[in-house]
Amino acid sequence: QVQLVESGGGLVQAGGSLRLSCAYPGPTFSSYGMGWFRQALGKEREFVAAISWSGGRTYYADSVKGRLTISRDNAKTTVYLQMNSLKPEDTAVYYCAAAREARTFPTLAAGFGSWGQGTQVTVSS
């Protein structure tokens, strides 16, 4: 059974940093684009960042550019989201997702199939 497992969430003060990790079955998803999404209380799930299967291309939501960085290490079968200069508006449950098909680079939720359980990130004022 394919399963993505997020970790690294927690409570931080504004301006602080966190690094989220998403472990995925390898090599199953080593050739799949990966993404991070988030959902704040009372809001719709929104796209945060995506990375191609090779790691050579990334794409970010405007709201997180320059602060959040997605990366992956296929050898460790893990994708990361380095979060810096966090703001209270970043408070949300963060989800890792894998593309529905190998060697694709989706940037919309519809392009992703497997999802993790989510990890809570809370940024205090």
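The values are calculated or read from the model by the stated rules, or taken from the named source; none is laboratory data. Not measured: the values here are computed from a predicted model. Neighbour counts are summed over all protein chains in view; Cβ atoms, including those assigned to glycine, are modelled from backbone coordinates with ideal geometry. Accessible surface is based on the protein model in full, side chains and every heavy atom, while ligands, DNA and RNA are left aside. Shrake-Rupley method; radii C 1.70, N 1.55, O 1.52, S 1.80 Å.
Could you tell me whether the range 77-90 includes any residue that is of a type in the set (Val, Ile, Thr), open to solvent by less than 10 Å² (accessible area, probe 1.4 Å) and assigned to a strand (DSSP E or B)?
Of the residues in the range 77-90, the ones of a type in the set (Val, Ile, Thr) are 77-79.
Adding the requirement that they be open to solvent by less than 10 Å² (accessible area, probe 1.4 Å) leaves 79.
So of that shortlist, the ones also assigned to a strand (DSSP E or B) come out as 79.
So far as the range 77-90 goes, yes, one or more of its residues are of a type in the set (Val, Ile, Thr), open to solvent by less than 10 Å² (accessible area, probe 1.4 Å) and assigned to a strand (DSSP E or B).
Each residue in the range 91-108 was checked for being under 12 Å from the mean Cα position of the chain (by Cα) and not in a strand (DSSP E or B), and 1 pass.
On inspection, Glu89 fails the criterion of being over 17 Å from Gln39 (Cβ atoms) and acidic (Asp, Glu).
Every residue in the range 38-76 that is at pLDDT 95 or above, part of a loop (DSSP other than H, G, I, E, B) and aliphatic (A, V, I, L, M), please. Ala40, Leu41, Ala61 - these are the residues of the range 38-76 that are at pLDDT 95 or above, part of a loop (DSSP other than H, G, I, E, B) and aliphatic (A, V, I, L, M).
The set of residues in the range 91-125 being closer than 18 Å to Gly15 by Cα and exposed (fewer than 14 other Cβ atoms within 10 Å of the Cβ) consists of Gln120, Ser124, Ser125. May I ask you to verify whether Arg67 is open to solvent by less than 50 Å² (accessible area, probe 1.4 Å), closer than 27 Å to Ser124 by Cα and of a type in the set (Lys, Arg)? Criteria met by Arg67.
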